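Engineer: One structure follows; several queries about it will come next.
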Amino acid sequence: GFVEREIKGGFEIKVSGGIKGFCPFSQMDIRRITDSKEYVGHHLTFKIIEYAERGRKIIFSHRAIREEELRKKREALKETLREGTNVRGIVAAIKDFGAFIDLDGIHGLVPISEIAWGRVEKIDEVLAVGQEIETVIITLDWDSNRITLSHKKTLANPWDEAEMKYPIGSRHAGRISRLTKFGAFVELEPGIDGLLHISKLGSGKRINHPSDVVTVGEVLAVEIEKLDIDNQRISLAGIRAA
């Protein structure tokens, strides 16, 4: 059918023989329509979902066709996708909590914590809608239609070289990434934070909270006091102005 124009509540559809029918907005696609111009002037395949008054009233659905296509794709993907599999997809949407990735018609979610090894504040500063990225399937739940993905697992893990780069006693410049009641976390590089305990702050004076003497974003020179590769923990000491 040919989508001739937008009319109240949907679209006017013309099929062979000059027969016309109606496709409601809700039946044009599986996603919410934001711009009707995407459809007007295009030939699409429709399914007749209502036929009455000897053809004077015909209701079409393109959504039914799309749903059937997705069902077939989903069944095909069931045979090939496994947890731990690397897959490429297109960033379909970006939310505060993560990015939805289109895997050939099936969407998976990359949570914000799985986008990069470093702390990500704004996803759109790292990814863009339409961008192709590689991901790893973390969890696959076909019953709930949930696919959880990780982008950072396709990137080099900075902890793989931490023992060589941050030996005990070495000094480094780091930026304070966050404060807690027990200390300040200092980012040595994206994905690697060390803890500067509150007892190491205040130049020997007792303080109530790290925010009394340091702020997020402040750059400090720190010394590696302890390194625990297995648990990915670094304790810091030797604070001084950078």
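Engineer: For the subset of the stretch 49-61 comprising residues that are touching a Phe, Trp or Tyr at 6+ places or on another chain (Cβ under 9 Å) and under 13 Å from K20 (Cβ atoms), which member is surrounded by the most Cβ atoms within 10 Å (Cβ to Cβ)? Step through it out loud before you land on a result.
Structural biologist: Keep residues of the stretch 49-61 that are touching a Phe, Trp or Tyr at 6+ places or on another chain (Cβ under 9 Å), which gives 49-50, 57-61.
From the residues that got through so far, the ones that are under 13 Å from K20 (Cβ atoms) too are 57-60.
On the way: K57: 11, I58: 20, I59: 18, F60: 28.
Only one residue tops the list, namely F60.
Engineer: Follow-up question, since we're still on this one. Which of the residues that make up the stretch 196-229 are closer than 16 Å to P167 by Cβ and open to solvent by 20 Å² or more (accessible area, probe 1.4 Å)?
Structural biologist: E223, E225, K226, L227, D228, I229, listed by residue number.
Engineer: Go through the stretch 34-75 residue by residue and tally those that are touching a helix residue (DSSP H, G or I) at 6+ places or on another chain (Cβ under 7 Å), of a type in the set (V, I, T) and more than 14 Å from F2 (Cα to Cα).
Structural biologist: Looking only at that region, the number is 1.
Engineer: Return only the number of the condition from (1) under 30 Å from E121 (Cα atoms); (2) at pLDDT 90 or above; (3) of a type in the set (K, R) that K57 does not satisfy.
Structural biologist: Here K57 clears every test but (1).
Engineer: Considering only residues that are open to solvent by 50 Å² or more (accessible area, probe 1.4 Å), touching a residue at least 24 places away in the same chain (Cβ under 8 Å), outside any strand (DSSP E or B) and of a type outside the set (D, E, K, R), which ones fall in the stretch 85-112?
Structural biologist: Hits for the stretch 85-112: nothing passes.
Engineer: Residues being more than 25 Å from S26 (Cα to Cα) and either of a type in the set (D, E) or more than 24 Å from the chain's Cα centre (by Cα) (or both): count how many of those fall in the stretch 57-108.
Structural biologist: Here the count works out to 3.
Engineer: Going by what's in this entry, would A64 be described as surrounded by 13 or more Cβ atoms within 10 Å (Cβ to Cβ), in a helix (DSSP H, G or I) and modelled with pLDDT of 90 or more? Spell out the reasoning first.
Structural biologist: Values: surrounded by 13 or more Cβ atoms within 10 Å (Cβ to Cβ): yes; in a helix (DSSP H, G or I): yes; modelled with pLDDT of 90 or more: yes.
When the stated conditions are applied, A64 passes them.
Engineer: Taking the stretch 181-195 as the region of interest, how many residues are farther than 17 Å from Q232 by Cβ and open to solvent by less than 40 Å² (accessible area, probe 1.4 Å)? Let's see the steps before the verdict.
Structural biologist: Step one: list which residues in the stretch 181-195 are farther than 17 Å from Q232 by Cβ, which gives 181-182, 184.
If we keep only those that are open to solvent by less than 40 Å² (accessible area, probe 1.4 Å) as well, we get 184.
Residues that pass the stated criteria total 1.
Engineer: Among what's in the stretch 1-39 and is in contact (Cβ under 8 Å) with a residue 24 or more places away in the chain and charged (D, E, K, R), pick the residue that is least open to solvent (accessible area, probe 1.4 Å).
Structural biologist: Out of the qualifying residues, it is D29.
Engineer: Moving on. Quick check, is I176 open to solvent by less than 60 Å² (accessible area, probe 1.4 Å) and of a type in the set (V, I, T)? Give the steps one after another, and end with the answer.
Structural biologist: Values: open to solvent by less than 60 Å² (accessible area, probe 1.4 Å): yes; of a type in the set (V, I, T): yes.
Here the answer is yes, as I176 does meet what is asked.
Engineer: For a quick check of your reading of the model, give me the residue pairs whose first member lies in the stretch 148-160 and is more than 12 Å from P111 (Cβ to Cβ), whose second is open to solvent by 40 Å² or more (accessible area, probe 1.4 Å) and assigned to a helix (DSSP H, G or I), with beta-carbon atoms closer than 9 Å and at least 6 apart or on different chains.
Structural biologist: P158/K165
Engineer: For N157, which of the numbered conditions (1) touching a helix residue (DSSP H, G or I) at 6+ places or on another chain (Cβ under 7 Å); (2) within 25 Å of D193 (Cα to Cα) fails to hold?
Structural biologist: Evaluating N157 over (1) touching a helix residue (DSSP H, G or I) at 6+ places or on another chain (Cβ under 7 Å); (2) within 25 Å of D193 (Cα to Cα) leaves (1) as the failure.
The values are calculated or read from the model by the stated rules, or taken from the named source; none is laboratory data. Everything quoted here is computed from the prediction, not taken from an experiment. Glycine also receives a Cβ, built like all others from the backbone with ideal geometry; neighbour counts cover every protein chain displayed. Ligands, DNA and RNA are stripped out before the accessible areas are found, and what is left, the full protein with its side chains, is counted by its heavy atoms. Shrake-Rupley method; radii C 1.70, N 1.55, O 1.52, S 1.80 Å.
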